[in-house]
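Rule-based calculations on the coordinates, nothing more; no lab input. Here the structure is a predicted model, which means the values were calculated and not measured. Neighbour counts are summed over all protein chains in view; Cβ atoms, including those assigned to glycine, are modelled from backbone coordinates with ideal geometry.
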């Protein structure tokens with residue numbers, strides 16, 4: 001079987017700290033902690049490998065260098081995540097503060113290290129070499145500065161030329177430039193969708209009333225699906241939006257006692273990729289995405305469905 005090629009160009013070391021409770025401005029002692037190779041693409045790759053219902057496996061492509069890059073690759077190898085890297089850029093560290101008393105996860109994200117032109121050229125070359133031996137392509141997340149905003153569009157074009165399905169989990173101008181090459185499915189959250197297609201006057205919080213944005217999103221989703229790219233819009237703990245046999249459909253997310261929700265969107269993306277590879281319907285992909293996201297939320301480690 002050929003691997004699922006996962007590309008994410010913001011490699012991350014994820015430090016997760018678990019507190020019974022914590023207070024800003026005070027000295028807080030964590031009850032436990034863990035350090036993982038992460039970033040949206042690594043989370044997707046890990047969950048594809050961990051899923052027991054398929055023989056599918058992943059290959060992750062990114063950049064890294066220096067001591068942080070060596071640690072990033074070492075952590076991937078320890079989890080049997082097959083990874084290809086090109087020299088360049090850096091690996092950022094992000095920190096998650098999990099508060100058990102509130103059931104909340106607070107994320108602190110470092111800025112990315114820019115890449116130079118030589119890294120871009122090397123990455124594009126390695127991508128072209130790996131793509132032809134892949135079963136499916138997942139493009140996930142934002143990219144470090146220095147990469148052109150038509151990079152993923154070029155990757156989608158190459159995938160279309162080789163008849164390789166694409167799961168597009170990215171946003172903004174990069175997504176708009178990729179649309180002419182018809183990704184097989186677009187996975188995006190409502191806030192990102194609204195910003196990409198200029199809906200609403202301001203970003204909304206996860207708990208705010210989003211009915212106006214939902215109503216504005218449906219016609220665009222219908223147009224995109226007519227052009228060959230069905231859309232799945234996640235809304236955190238609220239219903240997921242997609243078109244089922246042309247009908248507007250809202251599927252509730254699974255209710256679980258969440259510990260750490262970081263990586264749930266990536267788990268959902270992994271479910272869509274696995275379902276697409278198996279030739280199943282978009283509705284089946286949404287169902288599997290919800291299952292994997294809920295399993296991720298119950299665990300401390302981000303982007304994982306196995307303890």
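For this structure, a couple of remarks:
- Condition broken by residue 280, with the remaining ones in (1) touching a residue at least 40 places away in the same chain (Cβ under 8 Å); (2) surrounded by fewer than 24 Cβ atoms within 10 Å (Cβ to Cβ) satisfied: (1)
- For residue 79, the conditions (1) within 20 Å of residue 113 (Cα to Cα); (2) without any contact (Cβ under 8 Å) to a residue 60 or more places away in the chain; (3) touching a helix residue (DSSP H, G or I) at 6+ places or on another chain (Cβ under 9 Å) are fulfilled apart from (1).
- Restricting attention to segment 85-105, the residues that are assigned to a strand (DSSP E or B) and more than 18 Å from the chain's Cα centre (by Cα) total 7.
- Among the candidates 272, 292, residue that is in contact (Cβ under 8 Å) with a residue 40 or more places away in the chain, out of contact with any strand residue (DSSP E or B) (no Cβ under 7 Å at 6 or more places or on another chain), assigned to a helix (DSSP H, G or I) and crowded, with 22+ Cβ neighbours inside 10 Å: 292
- Pairs with Cβ under 7 Å, 6+ apart, first in segment 118-135 and part of a loop (DSSP other than H, G, I, E, B), second buried (at least 16 other Cβ atoms within 10 Å of the Cβ): 134/3; 134/4; 134/5; 134/164; 135/3; 135/4; 135/277
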